[in-house]
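The values are calculated or read from the model by the stated rules, or taken from the named source; none is laboratory data. No experiment lies behind these values; they were computed from the predicted model shown. Quick reminder, even Gly has a Cβ in these numbers, built from the backbone with ideal geometry, and neighbours come from all protein chains shown. Please note that ligands, DNA and RNA were not included when accessible areas were found on the heavy atoms of the full protein model with its side chains. Shrake-Rupley method; radii C 1.70, N 1.55, O 1.52, S 1.80 Å.
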Amino acid sequence: MTRAHLTGMGFHVPERVVRNADLEKLMDTSDEWIVERTGIRERRFVQPGTGTTDLALEAARRALDDAGRTPRDVEFIVFATITRDQMFPGCGTMLQQALGIGTIGALEVHNACSGFVYAVAAADAFIRAGSYRRILVVGAEIQSTGLNMSTAGRDMAVLFGDGAGAVLLEAGDESRGVLASVLHGDGAHVEDLWAEAPTSKVMGRLTPEMLAEGRMYPRMNGRNVFKHAVTRFPEAIHEALDACGLRLEEVALIVPHQANARISEAVAERLGVPSEKVFQNIERYGNTTAASIPIALAEAKQQGRIRTGDLVVLAAFGAGFAWGASVIRL
Ligand code: UT7
């Protein structure tokens, strides 16, 4: 039986560090409120002119280096983002071009916070089906250019950051690799976390009225998202482990989407695992949507928190609502 082995990880974040104190100058907020409610102390923002594909390129190069591979070894790209460089096409073929890979195909996953888990599941299915042997899976996001940086947008503006992460999945034997993935969604909650515009429902996609009302900015019913997240994360983690007959005690590290430190703490508590078993770096990067899990994975490896042979669980919940989890033997 063929499995998708995770052979390389890499991440890249912009150099510019934006601390909570920097946001205090732009809106009515405080370091104390942000740290207490979210755990975030700083995040990275790009300089004008940088695109999501630029961040992804650097992360992809590092993941390929880590795997001891070159761009020419990649047979397919799965690219998770909700902040592509332009309305269309997606970033996948742009990344292919930037890496100089030739005419390989690319699939874009537009699932927001759960995008990377969906991307891993899709790449794993391609590999197990024998369609491709080596797939570059990327999560990259530039949120900073789409936030309302005034008091009116403070509930969202303080949460997000920019960054990219990537992994290489390679066909291998059944001794390790992606063991199971579970994916779920509930469209009843679309409007609890969304950016309504630009929209195909109106001529011109974005009218002056919509601009004036700020309907292109993301909006969230934070409490409802929080409530669902703390239930769905543990549910998905248990379901994915059950699918491969493994127990939570065998897991070396849970790498969740970084949405809020309080969510991760609540998830650890509900699962009954020590908080050290749930990786956290939101204090330094904020919520980087589809990029948060691959950034966290690559950092966990850099810090020696995960090694070959370890059992790792990825889990995410977010806009859609869409959520899921993957169990991977490294
Ligand atoms: O990755 C996507 C998934 N996203 C999530 O999982 C996020 C889930 N939700 C959350 O993490 C939390 O709901 C938030 C961190 C977004 C908000 O925390 P909260 O404890 O639910 O706060 P709240 O929205 O109920 O707001 C409490 C108060 C309000 O003031 P009043 O009405 O009590 O006077 C807000 O206006 O805090 C106010 N507030 C702020 N104050 C200072 C909201 N944003 C800010 C801010 N600075 N940035």
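Summary table
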quantity: In region 162-190, the residues that are under 13 Å from residue 328 (Cβ atoms), open to solvent by 20 Å² or more (accessible area, probe 1.4 Å) and within 18 Å of the chain's Cα centre (by Cα); calculated: 181
quantity: Wholly enclosed helices (runs of 4 or more DSSP H) of region 1-97 bearing at least 2 residues among the aliphatic types (A, V, I, L, M) and farther than 23 Å from residue 108 by Cα; calculated: 20-24, 31-38
quantity: Test result for residue 154, within 26 Å of residue 70 (Cα to Cα), charged (D, E, K, R), surrounded by 15 or more Cβ atoms within 10 Å (Cβ to Cβ) and in the same structural domain as residue 49 (by TED's automatic domain parsing); calculated: no
quantity: Top-ranked residue of region 15-51 - restricted to ones that are among the basic types (Lys, Arg) and out of contact with any Gly (no Cβ under 6 Å at 6 or more places or on another chain), ranked as nearest to the ligand (Cβ to nearest atom); calculated: 37
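A quick yes/no check of all residues on (1) away from the ligand (no atom under 15 Å from the Cβ); (2) within 15 Å of residue 296 (Cβ to Cβ):
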| position | (1), (2) |
| --- | --- |
| 228 | no, no |
| 236 | no, no |
| 242 | yes, no |
| 247 | yes, no |
| 252 | yes, yes |
| 256 | no, yes |
| 261 | no, yes |
| 266 | no, no |
| 272 | yes, no |
